[in-house]
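Worksheet: one structure, shown below.
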There are 2 protein chains.
Amino acid sequence: MPPDLTPRQEDFLRYLREEIRRAGRAPSLRRAARDLGISHAAVAQLLRALEEKGYARRQGRYSRTVHLLNPARRTAGLQRWREIPVVGRITAGLPMYAQQQWEGSVVLDAELYRGENLFALRVRGDSMTGAGILDGDLAVCQPRQYACNGEIVVALIGGEEATVKRFFLGGDHIELRPENPAYRPVRYGFDEILVQGRVIGIQRGPDVMRRLEG
Amino acid sequence: MPPDLTPRQEDFLRYLREEIRRAGRAPSLRRAARDLGISHAAVAQLLRALEEKGYARRQGRYSRTVHLLNPARRTAGLQRWREIPVVGRITAGLPMYAQQQWEGSVVLDAELYRGENLFALRVRGDSMTGAGILDGDLAVCQPRQYACNGEIVVALIGGEEATVKRFFLGGDHIELRPENPAYRPVRYGFDEILVQGRVIGIQRGPDVMRRLEG
DNA sequence: CGGGAATGTCAATACAAATGTAAATGCAAT
DNA sequence: ATTGCATTTACATTTGTATTGACATTCCCG
């Protein structure tokens, strides 16, 4: 994605969209200037910014027609793939994207995994084998600070290393349930658990498969 | 390669690469500082260290653009991703790549999956849940006409639909072993089984994960 | 067609916020 | 002691956004 818009530019883009939809074409610089309470030259600058960032296009030098490029079009042919970071440890500090430990990145099928800001986590231990999640698997996660009953989440227990478990909310506690008879569910107080994300996919590479054959 | 970098600097370099690839350009010092949980001046020092050691270059004195120069980049010229076909049915006719049934394709991380002519197969049934392979998973396969004991393979049983099982060779038979106590191993004559490939990876998407949450 | 009104462009300028630089300093490990 | 890595603080530069005014182009109506 091209460099993102500043808040101001986003406002302006929103305004432009609205006007074009309403009137069929873009307003003049001075008209827009009146609407927005700024000067016409400022509008011209904003418009140029949008143009440089690929959100709009104009014809000739003095043309008064503006085309907005829709975001899907902007990427010129949807990417078939995407890359997300593999975080090693997720320290307790929020927000999520602070203090991350970069372990690298992994490429995913973009049509399979939607959503913003996905990240991946290397699964340690065999507490979730019952749900088909093995030691060494890569868990693809969608960042979230809450969870619903039964969802498989990655959570921080008291600021420790992150773990993957099934989530259940009780009246006065949170229960994290492993998916392996060798382990037992554990209950925690609300202040002991920090949900970091929901597991929406699993990637198992040749290394893990090879170990299975051991 | 010459790791004349300290571990810290290597971390930072890795972080830089990820960010540049993700956002198209280097983050600001203070943004990086937030991400890494250190002060902006510390980032500037790290950056200067990388510059002095020849891993990065910047333009002017106050420029915000950073170029990474070290060719040690794993993915320098190489594609970071690859696309392989998802075959629906594998017909008995050999060679493998004739007469396939195209169900689409899937994108994989090229650094994770090596090898030529990989293909993927949608797993049906729950006979392999014990090995962490669930109904609906995508099995990434390496084409092979043979197999070793204990390997998880995709095989054709008497020209029927392909199945995924663990492979064992007996003196006078082939045993295909499910990984689920509800099923039993089955023995076949040599002429009843056609090994089509070895499973080297698993892809589980949001759809399957969602079903897990019931 | 011609001319005025509306519109787009450019240049100089201002200011705040974000960003990069530098200096002084502390601490731990070699 | 030196080096790597961190801090804090002060300062310089760039960028985004705004201004104003002069000028060029286009549109439209008489």
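Listed values, structure above:
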item	result
Karplus-derived 3J(HN,Hα), 6.51/-1.76/1.60, for each residue of region A:121-136, Hz, glycine and proline x	9, 7, 7, 10, x, 10, 6, 10, 4, x, 9, x, 10, 9, 4, x
Per-copy distances of the residue A:210 label point, shortest first, in nm (7 angstrom along Cα→Cβ)	3.6
Heavy atoms of residue B:81 accessible to a 1.4 Å probe, total area in Å² rounded to 10	60
Per DSSP, loop GluC sites (Glu not before Pro) in region B:116-214 with at most 15 further Cβ within 10 Å	B:116, B:160, B:161
Net lengthening on full extension, residue A:11/residue A:148 (0.36 nm per residue, minus Cα-Cα)	45.9 nm
Whichever aspartates and glutamates have a C-alpha closer than 15 Å to that of residue A:165, once near sequence neighbours (fewer than 8 apart) are set aside	A:126, A:135, A:137, A:151, A:175, A:179, A:192, B:213
Distance (nanometres) between label positions extended 7 Å along Cα→Cβ at residue B:64 and residue A:188	3.8
Residues in region B:1-40 occluded by at least 50 Å² - accessible area, probe radius 1.4 Å, against chain by itself	B:18, B:35
Residue A:40 versus residue A:22: modelled label distance in nm, points set 7 Å from Cα along the beta carbon direction	2.0
Cα gyration tensor, region B:81-213 - rounded (a/c under 1.5), prolate or oblate	oblate
Filtered chymotrypsin sites (Phe, Trp or Tyr not before Pro), region B:106-214: DSSP coil and at most 12 other beta carbons within 10 Å	B:146
Tensor-based shape of region A:7-70 (alpha-carbon gyration tensor, a/c under 1.5 rounded, otherwise prolate or oblate)	rounded
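The values are calculated or read from the model by the stated rules, or taken from the named source; none is laboratory data. Just so it is clear, the structure is predicted and the values come from calculations on it, not from any experiment. Note that we place each Cβ from the backbone using ideal geometry, even for glycine, and neighbour counts take in every protein chain shown. Just so you know, the surface numbers come from the protein's heavy atoms only, side chains and all, with ligands and any DNA or RNA stripped out. Shrake-Rupley method; radii C 1.70, N 1.55, O 1.52, S 1.80 Å.
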